[in-house]
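Report on the following structure.
Every number in this text was worked out from the coordinates using simple rules, so none of it is lab data. Everything numeric in this text was worked out from a predicted model, so none of it was measured. A quick note on method: Cβ atoms are made from the backbone with ideal geometry, for glycine too, and the neighbour counts reach across all protein chains shown.
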Amino acid sequence: DFMKEISGFSLIEQHLKDKLQLDHAIVVPGNSDDHDWVKQDLGKACVQYLKSILKQKQTVAVTGGTTMAAVAEMIKPFPGANKCMFVPARGGLGERVENQANTICVEMAKKVHGEYRLLYVPDPISEEAYQSIIGEPSIKEVLEIIRDANIVIHGVGDAVTMAKRRKASHHILQKIIDGHAVSEAFGYYFNEEGKVIHKVRTVGIQLEDLYKANCVIAVAGGKSKAKAINSYFKQGKGNVLITDESAAKELIRGF
Ligand code: G3H
């Protein structure tokens, strides 16, 4: 069954933990580049892990993306979850509605009968709009909850793929290409060494808030994401990876 297949990868998981310096790694069978059911299994594994760590009254911040949408699809009520709060990790990043953090946040909260707060910020956002939005009392209140989240769950993407999907301007796309950005997570683009190349100007969790969370879970699979996953963990703020067999094997093999 599902759990048995997961435990069959314990050796790979140990390798991943050592290589990426993680507290915990979970590997599901297959390659999510090729099959949607693998992405759903990533979602299932993430929900199972969340269930094992989530305590009553905690706050869970989530990002957008198709992998996070699979997490929301797979979540079911579990004890204590109804006493928790779900929030989007950051404001708009240019994703279509079904892949937005707000949408995923509401779905997760509703399914577990938990609470939620949303961020209503337009994207892309100008410097002036940004400054006035963060001064709004209603936004400020939500931002405080977000930045104090106990658990952060997010996707990781290939930098150029994500910039194009979010219809980044020519100028930004060029910045990402020229800077050799490899990965993207919550609107930050990182190079191979984990250095920030570009950051989408929006409100919400900042990289430096991550150290406050008890648990920062990356959910990302597919052979095509191996380099991105490696790059993301170089900046050293995440501590849990939920991935698939193909990405894991590629990560261990090295580049
Ligand atoms: O932030 C990372 C991206 O949102 C990943 O998106 O799960 O659709 O590949 P994805």
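At q = 0.14, 0.19, 0.24 Å⁻¹, what is the log10 ratio I(q)/I(0) for the range 1-76, with the Debye formula run over Cα points and no solvent?
For the requested q values the scattering log ratios are -0.51, -0.93, -1.28.
Could you tell me the calculated FRET efficiency between residue 130 and residue 11, based on Cβ-Cβ distance and R0 = 51 angstrom, to the nearest 0.05?
With a Förster radius of 51 Å, E is 0.65.
Using the membrane-span-like helix rule (whole DSSP H runs, Cα extent along the own axis of at least 18 Å, mean Kyte-Doolittle hydropathy at least 1.6), which helices of the chain qualify?
Within the chain not a single helix satisfies the rule.
Cut-off 10 angstrom, C-alpha nodes, Gaussian network model of the chain. Which of 64, 92, 194 fluctuates the most?
Comparing 64, 92, 194 in a Gaussian network model of the chain, the most mobile one is 194.
Just 11, 42, 93 to compare: in a GNM of the chain, with alpha carbon springs under 10 Å, which one fluctuates most?
Maximum fluctuation in the GNM of the chain, among the listed residues, is at 11.
Arranged by the count of other C-beta atoms within 10 angstrom, fewest first, what order do 165, 201 take?
201, 165
Which entries in the list 39/164; 17/195; 44/195; 140/227 go over 24 Å, if you measure between the two C-alpha atoms of each?
Pairs exceeding the cut-off: 44/195; 140/227.
Which of rounded, prolate, oblate describes the range 173-227, given a ≥ b ≥ c as roots of the alpha-carbon gyration tensor eigenvalues and a/c under 1.5 marking rounded, otherwise prolate only if a/b is larger than b/c? Each step should come with its number before you reach the end.
Values: a/c = 2.10, a/b = 1.23, b/c = 1.71.
Oblate shape, in that a/c is at least 1.5 and b/c is the bigger or equal ratio.
Could you tell me whether the range 17-141 comes out rounded, prolate or oblate from its Cα gyration tensor? Rule is a ≥ b ≥ c as square roots of the eigenvalues, rounded for a/c under 1.5, then prolate if a/b exceeds b/c, otherwise oblate.
Prolate is the answer for the range 17-141, as a/c is 1.5 or above and a/b outweighs b/c.
Shape verdict for the chain, please, from the Cα gyration tensor: rounded (a/c under 1.5), prolate (a/b greater than b/c) or oblate. Write down the numbers at each step before the final one.
Details: a/c = 1.75, a/b = 1.14, b/c = 1.53.
Verdict is oblate for the chain.
Would you give the gap between the C-alpha center of the range 177-253 and the C-alpha center of the range 38-71, rounded to a whole Å?
Cα centroid of the range 177-253 versus Cα centroid of the range 38-71: 17 Å apart.
At most 16 other Cβ atoms within 10 Å and a DSSP loop assignment: could you name the trypsin sites (Lys or Arg not before Pro) in the range 69-110 that fit?
Listed in order of number, the matching sites are 96.
If you add up the charges near residue 23, with Lys and Arg at +1 and Asp and Glu at -1, over every other residue whose beta carbon is less than 14 angstrom from its beta carbon, what do you get?
Details: positive: 17, 19, 237; negative: 13, 18.
For residues surrounding residue 23, the net value is +1.
Gaussian network model of the chain, Cα springs within a sub-10 Å range: biggest mean-square fluctuation belongs to which of 230, 214, 239?
Greatest mean-square fluctuation among the candidates belongs to 214.
Fewest first, what order do 22, 143 take by the number of other Cβ atoms within 10 Å?
Ordered from fewest to most neighbouring Cβ atoms within 10 Å, 22, 143 come out as 22, 143.
Which of 227, 44 has the fewest other C-beta atoms within 10 Å, and how do the rest follow up to the most?
Taking fewest neighbouring Cβ atoms as first place, the list is 227, 44.
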